[in-house]
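What follows is a single structure, written as structure tokens, with notes after it.
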Amino acid sequence: MHDIEYVNMTGLPMKEFAEQVKALGDVTRLKMIRLLCEAKEDLCVCEIMDALEISHSNVSRHLKILKTAGFVKENKEGRWVHFFLAEPGSSSHKNLLLAVGNMPAELFAADIERMQLRLSLREDGKCVDGLKSEKWLAALKLIRTGSIDRYSKKQERNRR
């Protein structure tokens with residue numbers, strides 16, 4: 001076979017483009033990308049775990065795929081690993097992110113609600129609670145009992 005590398009209209013080699021499309025071919029990875037878009041800040045692995053209600057090993061596996069495809073980057077701070085969206089390296093990369101961002105919000109509503117609640121537990125803008133902390137379990141109980149608005153207001157008062 002010929003060693004010709006096909007390039008799409010955006011200048012991205014076809015193999016890289018196919019890898020990016022494959023990386024988005026999983027519901028969990030779509031949710032992760034959408035959470036990172038909505039958060040507009042780095043997310044700790046434990047925050048992603050709690051928002052999506054999946055195990056550490058699943059989060060790590062999916063983040064590795066997204067990282068390999070160039071969608072996310074990581075920042076390590078001590079024992080905490082935070083992930084954020086990588087700057088698009090091509091117009092097709094940007095368009096794929098826009099496509100995820102334009103998916104109906106209701107598909108992600110519960111995940112985004114849990115993420116926002118999880119982010120409200122941060123202290124000085126940093127995740128300090130770790131995996132399945134007691135604070136998180138108490139906050140999650142509030143979501144399930146419909147008391148979330150009272151909790152969010154209390155958290156806001158405590159931060160002042």
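Just so you know, all these numbers are worked out from the coordinates, no wet-lab data involved. Note that this is a predicted model, so its numbers are computed, not measured. Positions of Cβ are generated from backbone atoms using ideal geometry, with glycine treated the same way; all protein chains shown enter the neighbour counts.
Estimated from the Cβ-Cβ distance and a Förster radius of 35 angstrom, the FRET efficiency linking VAL128 and MET103 is about 0.65.
For the peptides 133-139, 33-39, the ranking by mean Cβ contacts within 10 Å, running from highest to lowest, is 33-39, 133-139.
Loop-only check: which trypsin sites (Lys or Arg not before Pro) in region 39-113 are DSSP coil with at most 16 other Cβ within 10 angstrom?
Listed in order of number, the matching sites are LYS40, ARG79.
Close amide H contacts of VAL72 (hydrogens built in the peptide plane, cut-off under 5 Å, sequence separation of 5 or more or a different chain): LYS67, ALA86.
Taking θ as phi - 60°, what are the ³J(HN,Hα) couplings along region 64-78 by the Karplus curve (6.51, -1.76, 1.60), each to the nearest whole Hz, with x for Gly and Pro? Calculated HN-Hα couplings, in order: 4, 5, 5, 5, 4, 7, x, 7, 10, 10, 10, 9, 9, 10, x Hz. Given in Å, the Rg to one decimal and the Dmax to the nearest whole number for the Cα atoms of region 86-136 are 15.2, 43. Counting neighbouring Cβ atoms within 10 Å and putting the fewest first, the residues THR28, THR145 line up as THR145, THR28. Between the beta carbons of THR145 and LEU119, assuming R0 = 25 Å, the FRET efficiency works out to 0.80 to the nearest 0.05. Between GLU53 and LYS94, residue separation times 0.36 nm minus the direct Cα-Cα distance comes to 12.0 nm. Enclosing the Cα atoms of region 14-159 in their convex hull gives a volume equal to 111 cubic angstrom per residue.
Taking every alpha-carbon pair under 8 Å whose residues sit at least 6 apart, region 14-159 reaches a relative contact order of 26 percent.
Summing Cβ point charges (Lys, Arg +1; Asp, Glu -1) relative to the Cα centre of region 14-159 gives a dipole of roughly 220 debye. Since only SER91, ALA23, SER133 are under comparison, the one whose Cα sits farthest along the positive direction of the charge dipole of region 14-159, derived from C-beta charges on Lys, Arg, Asp and Glu, is SER133.
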